[in-house]
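The values are calculated or read from the model by the stated rules, or taken from the named source; none is laboratory data. Remember, it's a predicted structure, so these values are computed and weren't measured experimentally. Positions of Cβ are backbone-derived with ideal geometry, glycine not excepted, and every protein chain shown enters the neighbour counts.
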Amino acid sequence: MTIQESAEMYMETIHILSLKNKNVRAIDISRYMNFSKPSVSRAMKNLSHEGYVSIDVNGNISLTEKGLRIAEGIYEKHRQLTDFFVRIGVSPETAEEDACRIEHVISDETFEAIKKL
(Lines give C-alpha, C1' and ligand atoms only; values in the text may rest on other atoms or scores of the structure.)
Protein backbone atom coordinates (compact mmCIF):
# COMPACT_ATOMS: atom_id res chain seq x y z
CA MET A 1 0.00 0.00 0.00
CA THR A 2 1.33 3.44 -0.95
CA ILE A 3 0.83 6.30 1.45
CA GLN A 4 0.91 9.86 0.18
CA GLU A 5 3.94 11.94 1.11
CA SER A 6 1.74 14.50 2.85
CA ALA A 7 0.25 11.81 5.10
CA GLU A 8 3.74 10.60 5.97
CA MET A 9 4.78 14.16 6.80
CA TYR A 10 1.80 14.62 9.10
CA MET A 11 2.48 11.33 10.89
CA GLU A 12 6.17 12.15 11.26
CA THR A 13 5.25 15.56 12.69
CA ILE A 14 2.85 14.02 15.19
CA HIS A 15 5.59 11.60 16.23
CA ILE A 16 8.18 14.38 16.65
CA LEU A 17 5.76 16.53 18.64
CA SER A 18 4.71 13.59 20.83
CA LEU A 19 8.35 12.99 21.76
CA LYS A 20 8.38 16.51 23.24
CA ASN A 21 4.84 16.83 24.62
CA LYS A 22 2.32 14.37 26.00
CA ASN A 23 -0.58 16.01 24.17
CA VAL A 24 -0.53 16.94 20.50
CA ARG A 25 -3.32 19.06 19.07
CA ALA A 26 -4.11 20.28 15.55
CA ILE A 27 -2.83 23.77 16.41
CA ASP A 28 0.56 22.30 17.40
CA ILE A 29 0.80 20.49 14.06
CA SER A 30 -0.33 23.64 12.26
CA ARG A 31 2.40 25.73 13.90
CA TYR A 32 5.13 23.12 13.40
CA MET A 33 4.36 22.58 9.72
CA ASN A 34 3.30 26.17 9.02
CA PHE A 35 -0.01 24.95 7.59
CA SER A 36 -3.44 26.42 8.19
CA LYS A 37 -5.46 24.88 11.00
CA PRO A 38 -8.34 23.95 8.62
CA SER A 39 -5.86 22.06 6.40
CA VAL A 40 -4.49 20.19 9.40
CA SER A 41 -7.97 19.41 10.71
CA ARG A 42 -8.99 18.02 7.33
CA ALA A 43 -5.84 15.90 7.16
CA MET A 44 -6.41 14.58 10.70
CA LYS A 45 -9.94 13.59 9.78
CA ASN A 46 -8.60 11.66 6.78
CA LEU A 47 -5.79 10.03 8.79
CA SER A 48 -8.28 9.06 11.49
CA HIS A 49 -10.62 7.56 8.89
CA GLU A 50 -7.69 5.52 7.51
CA GLY A 51 -6.75 4.28 10.98
CA TYR A 52 -3.42 6.11 11.34
CA VAL A 53 -4.39 8.51 14.13
CA SER A 54 -6.92 8.73 16.91
CA ILE A 55 -8.41 11.93 18.23
CA ASP A 56 -9.85 12.02 21.73
CA VAL A 57 -12.77 14.13 22.98
CA ASN A 58 -10.34 16.90 24.02
CA GLY A 59 -8.83 17.11 20.52
CA ASN A 60 -5.60 15.36 21.46
CA ILE A 61 -4.14 13.52 18.50
CA SER A 62 -2.13 10.34 18.81
CA LEU A 63 -0.77 7.84 16.35
CA THR A 64 -2.31 4.40 16.26
CA GLU A 65 0.04 1.42 16.22
CA LYS A 66 -0.23 1.42 12.42
CA GLY A 67 0.51 5.16 12.22
CA LEU A 68 3.38 4.93 14.69
CA ARG A 69 5.14 2.23 12.63
CA ILE A 70 5.05 4.47 9.58
CA ALA A 71 6.06 7.62 11.48
CA GLU A 72 9.00 5.89 13.17
CA GLY A 73 10.22 4.57 9.82
CA ILE A 74 10.06 7.99 8.18
CA TYR A 75 11.69 9.66 11.18
CA GLU A 76 14.51 7.09 11.17
CA LYS A 77 15.12 7.75 7.48
CA HIS A 78 15.13 11.48 8.14
CA ARG A 79 17.66 11.24 10.96
CA GLN A 80 19.91 8.72 9.18
CA LEU A 81 19.90 10.59 5.87
CA THR A 82 20.58 13.94 7.54
CA ASP A 83 23.50 12.43 9.43
CA PHE A 84 24.85 10.74 6.30
CA PHE A 85 24.70 13.94 4.26
CA VAL A 86 26.44 15.96 6.99
CA ARG A 87 29.18 13.32 7.25
CA ILE A 88 29.90 13.58 3.52
CA GLY A 89 30.25 17.35 3.76
CA VAL A 90 26.77 18.79 3.16
CA SER A 91 25.82 21.74 5.38
CA PRO A 92 23.42 20.80 8.20
CA GLU A 93 20.68 23.04 6.78
CA THR A 94 20.88 21.55 3.30
CA ALA A 95 21.25 18.03 4.69
CA GLU A 96 18.04 18.51 6.70
CA GLU A 97 16.11 19.86 3.70
CA ASP A 98 17.33 17.13 1.35
CA ALA A 99 16.63 14.37 3.87
CA CYS A 100 13.09 15.66 4.27
CA ARG A 101 12.47 15.33 0.54
CA ILE A 102 14.32 12.06 -0.01
CA GLU A 103 12.92 10.18 3.00
CA HIS A 104 9.60 9.74 1.20
CA VAL A 105 10.92 8.27 -2.03
CA ILE A 106 14.10 6.36 -1.19
CA SER A 107 13.87 2.62 -1.64
CA ASP A 108 14.38 0.32 1.33
CA GLU A 109 17.33 -1.27 -0.47
CA THR A 110 19.14 2.06 -0.95
CA PHE A 111 18.33 3.22 2.56
CA GLU A 112 19.68 -0.01 4.07
CA ALA A 113 22.90 0.39 2.02
CA ILE A 114 23.33 3.96 3.31
CA LYS A 115 22.75 2.79 6.89
CA LYS A 116 25.52 0.20 6.48
CA LEU A 117 27.99 2.91 5.53
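General remarks:
- Check on E93, within 26 Å of E109 (Cβ to Cβ), in a helix (DSSP H, G or I) and of a type in the set (D, E): no
- Under the condition of being assigned to a helix (DSSP H, G or I) and either within 13 Å of S62 (Cα to Cα) or of a type in the set (F, W, Y) (or both), the residues counted in the stretch 23-42 number 4.
- Every condition in (1) over 30 Å from L117 (Cβ atoms); (2) among the small types (G, A, S); (3) buried (at least 18 other Cβ atoms within 10 Å of the Cβ) is met by G67 except one, and the failing one is (1).
- Of all the criteria given as (1) touching a Cys at 6+ places or on another chain (Cβ under 7 Å); (2) more than 29 Å from T110 (Cα to Cα), the one not satisfied by N58 is (1).
- Qualifying residue in the stretch 52-63 (condition: touching an Asp or Glu at 6+ places or on another chain (Cβ under 9 Å), in a helix (DSSP H, G or I) and at pLDDT 95 or above): no
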